[in-house]
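Visitor: For reference, the structure I am asking about is given below.
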Amino acid sequence: MAQEEQSTGSIYTDLDDSGSDEEINKWERTARLWRETLKEHWAKLTDELSVKLSMLTVAAFMVIAVFAPFIATHRPLERQYQGDAGIIQAKWAEPSLLGGDTEYLLGTTAEGFDIFSQLVYGTRAALLVGLIAAIFTAGIGTLVGLVAGYYGGKVDDALMRIVDFLYGMPLLPTVIVLVAVLGPDLWNIILALIILQWRSTARVIRSQSLSLRERPFVKAAEVAGAGDWHIISRHLAPNVLPMTFLYGSFGIAWAILAEAGISFIGLGDPNTVSWGTMLQASRAYSALSFGAWWWFVPPGICIGLLVISGFLIGRGYEEITNPKIQ
Amino acid sequence: MGKASFVVRRTLQLVVTLWAVGTVLFGLFRLMPGDPTSYVISSGMTQEARNKLIESYGLNDPLYVQYFRFLENLVVLNFGQSFHSNQPVTDIIATYMPNTLVLMLTAFVIAYILGITLGVFSGWYRGSRFERSTVITALTARSVPTFYVGLIVLWIFGAELGVIPMSGMTSLGTGGQSTGFFDMVFTVDFLKHLMAPAAVLAFYYMGYPLLIMRTSMLEVLSEDFIDVCRAKGLTERTIMFKHAARNALLPIITAAAIALGYAVGGSVLIETVFAWPGIGREMVRAVLRRDFPVAQGTFIVLASTIIFLNFIADLAYGYLDPRVTYD
């Protein structure tokens, strides 16, 4: 019975069959519930072409990030020296794709770094920042939102005042100050982003769980003697999941944009190559005035592609969460 | 709870938030590595003179004394003097803030006029190719970093075509800001400098009102009074602008106030790209050179702009929409 019911209304079935199948472990049932919900969302999400394309883009970048050492033709921070015997100088080379007679696919930077390889390795930094920051901001935000919305009262007040305070902090300037305090390091940028960015998820999830907790199925669970944590994890959480994913996918996009901005300003990690640091270097060496567009055009295109994919996946999810805008 | 007590409560919240931002900032800057006095103290100085200087900055006092002095100064808007240039921070803010505001407001007005208009049409012609293309444009505009669009614009129009200046707010030799702010603003030279960064920003900010307006239009169009308008025989154009758009405008107003706050806060990047002497760029430079008083002061100005505009948005919402109740 459980199997059939779950394909239609996965979230509500666990009340009906509670007690009937004692032999199934509590954790197994929770896991099954989550699996079903995710499957449902996946099916709806992959329905749309733009979302599918975006997922392919993200997947392609992931493959590039994982296999970066095999794809890159050179080491990203290893100077490629050119010059006549005895005189070693690092200088930029035109891309071989454009007919420059060098071995460098997209040319080299003024510092003598291979641009193609930097681009490939930059994918790692972007995805690392995007995914980790998004997972944590969405996770922390959801947890705080659920707790605040479910308990209400003083707990809610206290948590929401923290969120209000965070909303008073301008994003980039705050990250700049935090990174200046913690030191320019990719992990510190991620940490600074997490500290600030869970605010939006928390606010939205809170208002959702405020209304959910008044719904009959939650009241019924309360009457049946379910504990707080049980209600939060099994009744509220699956229902706010679409919102969590929505804010998660937007979070990826925002984090990548923010990292690029921070690096561009000059507070990026000097030991890692990211698309932002590439842009910063190109500006520092006046690539603009020299017309060395192969240096600064590609990183921005990569940022744009990845970020727009995040936004489009987010929008696909928005249509699940808000049927009104379909 | 009535309206008056809402205003009082919200005002209290405003004060508390400002205090919290100030306190966190105070803590953060004290944690920052690097000796702030190294810029003013030369190595040839005797230890005695050095101590005297540190003393004069008040950096030797116990932390709580420094903290209370900080709060006291915050209330009277005294942010101290720059370690770097010895100018009062208030003067520095007064110099750079108008530059940021001119740039941001210009971009904002253009962005919201275009965004709202496109959003109205996009919501009205739902399902059309026009709607899809506006949504894609809006998303693209928000996806590509503004500083990158700025770089590309500078490259094409500045470096290659030479039609826009490469950096700054005025050309050398025009006297710039020293001739007086308004004398500077109304010159062709200034407009030439303003054009590119304002256009780039407007393109970026346009997406937000466009998407909100579209969603809001979709919601309004499903309401009964639109059918009544049709039944009365009003023309489509009248319904679109006089009835639907006017009602759909409500969420835009609060969103605009909040977005303007964040725009001022986010001025950091665009000002850096175009070397626009605004408050965001000044903040970055102050952080990079460990000029705490300036960094602190400019940050507080940026943060309070956001906090204050959020406050205005909250109050305006209740004022503009009679359906809002305070409970």
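The values are calculated or read from the model by the stated rules, or taken from the named source; none is laboratory data. Keep in mind that what you see is a predicted model, and the values were worked out from it rather than measured. Using ideal geometry, Cβ is built from the backbone for each residue, glycine included, and neighbour counts are taken over all protein chains shown. With ligands, DNA and RNA removed, areas are computed over all heavy atoms of the protein, side chains included. Shrake-Rupley method; radii C 1.70, N 1.55, O 1.52, S 1.80 Å.
Visitor: Kindly indicate whether any position in the stretch B:270-281 is more than 12 Å from chain A (Cβ to nearest Cβ), open to solvent by less than 40 Å² (accessible area, probe 1.4 Å), assigned to a helix (DSSP H, G or I) and of a type in the set (A, V, I, L, M, F, W, C).
Guide: No; the residues of the stretch B:270-281 include none that is more than 12 Å from chain A (Cβ to nearest Cβ), open to solvent by less than 40 Å² (accessible area, probe 1.4 Å), assigned to a helix (DSSP H, G or I) and of a type in the set (A, V, I, L, M, F, W, C).
Visitor: Here's a follow-up. Among the helices (runs of 4 or more DSSP H) lying completely within the stretch A:1-78, list those that include at least 1 residues that are at pLDDT below 75 and exposed (fewer than 15 other Cβ atoms within 10 Å of the Cβ).
Guide: Filter on the stretch A:1-78 gives A:2-9, A:13-16, A:26-45.
Visitor: Looking at (1) more than 11 Å from chain A (Cβ to nearest Cβ); (2) surrounded by 24 or more Cβ atoms within 10 Å (Cβ to Cβ); (3) closer than 26 Å to A:Glu319 by Cα, which is the one condition that is false for B:Arg214?
Guide: (1)
Visitor: Quick one: would you say A:Ile303 is within 7 Å of chain B (Cβ to nearest Cβ) and open to solvent by less than 10 Å² (accessible area, probe 1.4 Å)? Reasoning before the result, please.
Guide: On the way: within 7 Å of chain B (Cβ to nearest Cβ): yes; open to solvent by less than 10 Å² (accessible area, probe 1.4 Å): yes.
Here the answer is yes, as A:Ile303 does meet what is asked.
Visitor: Which numbered condition trips up B:Thr140, out of (1) surrounded by fewer than 20 Cβ atoms within 10 Å (Cβ to Cβ); (2) within 14 Å of another protein chain (Cβ to nearest Cβ); (3) more than 30 Å from B:Met217 (Cα to Cα)?
Guide: Result: B:Thr140 passes all but (3).
Visitor: Which fully enclosed helices (runs of 4 or more DSSP H) of the stretch B:1-75 have 1 or more residues being modelled with pLDDT of 80 or more and over 32 Å from the mean Cα position of the chain (by Cα)? Spell out the reasoning first.
Guide: Details: elements: B:3-31, B:47-57, B:63-75.
It comes to B:63-75.
Visitor: Still on this structure, please answer the following. Quick check, is A:Trp229 touching a strand residue (DSSP E or B) at 6+ places or on another chain (Cβ under 9 Å), assigned to a helix (DSSP H, G or I) and not small (Gly, Ala, Ser)? Walk me through it before giving the result.
Guide: Working: touching a strand residue (DSSP E or B) at 6+ places or on another chain (Cβ under 9 Å): no; assigned to a helix (DSSP H, G or I): yes; not small (Gly, Ala, Ser): yes.
Answer is no for this residue.
Visitor: Also, I was wondering about something else. Check whether at least one residue in the stretch B:102-109 is modelled with pLDDT under 85, in a helix (DSSP H, G or I) and of a type in the set (S, T, N, Q), and report yes or no. Explain how you work it out, then say what you get.
Guide: Taking the stretch B:102-109 and keeping what is modelled with pLDDT under 85, we get none.
No.
One line per residue, one yes/no per condition, for (1) closer than 30 Å to A:Ser286 by Cα; (2) free of Cβ contacts under 8 Å to residues at least 40 places away in the same chain; (3) not in a helix (DSSP H, G or I):
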site: B:Gly119; (1), (2), (3): no, no, no
site: B:Arg126; (1), (2), (3): no, no, yes
site: B:Arg132; (1), (2), (3): no, yes, no
site: B:Ala141; (1), (2), (3): yes, no, no
site: B:Val149; (1), (2), (3): yes, no, no
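Visitor: Further question: Select from the stretch A:148-168 the residues that are away from chain B (no Cβ under 14 Å) and among the charged types (D, E, K, R) and write down the one among them that is most open to solvent (accessible area, probe 1.4 Å).
Guide: Here the answer is A:Lys154.
Visitor: Any residue at all in the stretch B:304-311 that is under 26 Å from B:Gly168 (Cβ atoms), open to solvent by 10 Å² or more (accessible area, probe 1.4 Å) and within 9 Å of another protein chain (Cβ to nearest Cβ)?
Guide: Applying the first criterion (under 26 Å from B:Gly168 (Cβ atoms)) to the stretch B:304-311 yields B:305.
So of that shortlist, the ones also open to solvent by 10 Å² or more (accessible area, probe 1.4 Å) come out as B:305.
Next, only the ones that are within 9 Å of another protein chain (Cβ to nearest Cβ) stay: B:305.
Among the residues of the stretch B:304-311, at least one is under 26 Å from B:Gly168 (Cβ atoms), open to solvent by 10 Å² or more (accessible area, probe 1.4 Å) and within 9 Å of another protein chain (Cβ to nearest Cβ), which makes the answer yes.
Visitor: Count, please, the residues in the stretch B:118-137 that happen to be of a type in the set (Val, Ile, Thr), open to solvent by 50 Å² or more (accessible area, probe 1.4 Å) and more than 9 Å from chain A (Cβ to nearest Cβ).
Guide: Of the residues in the stretch B:118-137, the ones of a type in the set (Val, Ile, Thr) are B:120, B:134-137.
Now drop any that are not open to solvent by 50 Å² or more (accessible area, probe 1.4 Å), which leaves B:136-137.
Add one more test, that the residue is more than 9 Å from chain A (Cβ to nearest Cβ), and what stays is B:137.
The qualifying residues number 1.
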